Amino acid sequence: MFKKTLDIIDTVLTFFEDWTLFITVMVVLIALFVNVILRYTINYSLAWSEELVREVIIYTTLIGCSSAVKNRSMIKVDVLLQLVPKTKYPLMVFSHLVTIVFALIMIIYGWQIAAQQAMTNQKTIILQIPLVILYVWLPMMGIMMLLRTIHVIYQDVVAMKQS
């Protein structure tokens with residue numbers, strides 16, 4: 001039952017990550033392409049395209065954190081693991097705990113920052129996007145990382161029992 005639930009969550013998160021990243025990157029590529037064409041043909045530049053690119057870079061970075069946990073491609077130093085192979089499981093547990101703590105920090109403080117932005121009703125300069133929408137990505141990314149980490153821990157425990 002737990003495995004089935006984790007697999008469903010994994011499928012939903014993968015679908016969400018893949019499609020939102022595809023759509024946002026395509027929108028940015030089109031906006032940048034149009035901006036370059038306008039700049040070099042009629043000497044006019046779209047002011048909003050640079051702001052859009054900045055927001056999409058932030059979004060893709062945050063969503064990429066969840067994807068990195070799923071693909072086990074987080075930054076790591078594995079010298080100790082190569083020198084002393086017996087440290088594999090303790091280091092793996094430590095890595096998962098650090099990732100969980102980071103995800104919880106992103107959820108808690110990201111939510112607080114988003115709540116502050118909701119109270120101030122600030123908007124971006126050119127596109128007039130409410131900043132609360134941009135800051136709510138922080139706790140969303142934390143939740144996604146937490147769910148992905150739980151799934152990876154489950155996979156590691158099953159693999160450890162089989163070996």
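The values are calculated or read from the model by the stated rules, or taken from the named source; none is laboratory data. It should be emphasised that the depicted structure is a prediction, and the values quoted were computed from it without experimental measurement. FYI the Cβ positions are ideal-geometry reconstructions off the backbone, even for glycines, and counts take in every protein chain you see.
Here are some notes:
- Any chance I37 is within 23 Å of T124 (Cα to Cα) and of a type in the set (A, V, I, L, M, F, W, C): no
- Counted residues, region 114-163 - those being without any contact (Cβ under 8 Å) to a residue 12 or more places away in the chain, under 23 Å from the mean Cα position of the chain (by Cα) and outside any helix (DSSP H, G or I): 1
- So Y109, is it aromatic (F, W, Y) and at pLDDT below 90: no
- Figure legend. Inter-residue proximity from region 32-46: first residues under 24 Å from I57 (Cα atoms), second residues assigned to a loop (DSSP other than H, G, I, E, B), beta-carbon distance below 6 Å, spacing 6+ or different chains. Indicated pairs: N35/L46; L38/Y44; R39/S45.
- Subset of region 19-35 that is in contact with a Ser or Thr (Cβ under 9 Å, 6 or more places away or on another chain) and of a type outside the set (S, T, Y) - its residue that is nearest to M144 (Cα to Cα): L21
- Tally, over region 1-57, of residues that are assigned to a helix (DSSP H, G or I), more than 19 Å from Q128 (Cβ to Cβ) and of a type in the set (S, T, Y): 6
- Entry remark, region 32-66: residues being among the aliphatic types (A, V, I, L, M) and within 22 Å of W137 (Cα to Cα) number 7 in total.
- From the list V93, V98, the lone residue that is touching an Asp or Glu at 6+ places or on another chain (Cβ under 9 Å) and not in a loop (DSSP other than H, G, I, E, B) is V93.
- Restricting attention to region 92-107 and to residues that are of a type in the set (A, V, I, L, M, F, W, C) and touching a residue at least 12 places away in the same chain (Cβ under 8 Å), the residue that is surrounded by the most Cβ atoms within 10 Å (Cβ to Cβ) turns out to be A103.
- Taken over region 62-85, the criterion of being assigned to a helix (DSSP H, G or I), of a type outside the set (S, T, N, Q) and at pLDDT below 85 is satisfied by V79, L80, L81, L83, P85.
Quick grid of which residues meet (1) in contact with a helix residue (DSSP H, G or I) (Cβ under 7 Å, 6 or more places away or on another chain); (2) more than 18 Å from M74 (Cβ to Cβ):
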{"position": "I100", "(1), (2)": "yes, no"}
{"position": "Q112", "(1), (2)": "no, yes"}
{"position": "A115", "(1), (2)": "no, yes"}
{"position": "L131", "(1), (2)": "yes, yes"}
{"position": "M141", "(1), (2)": "yes, no"}
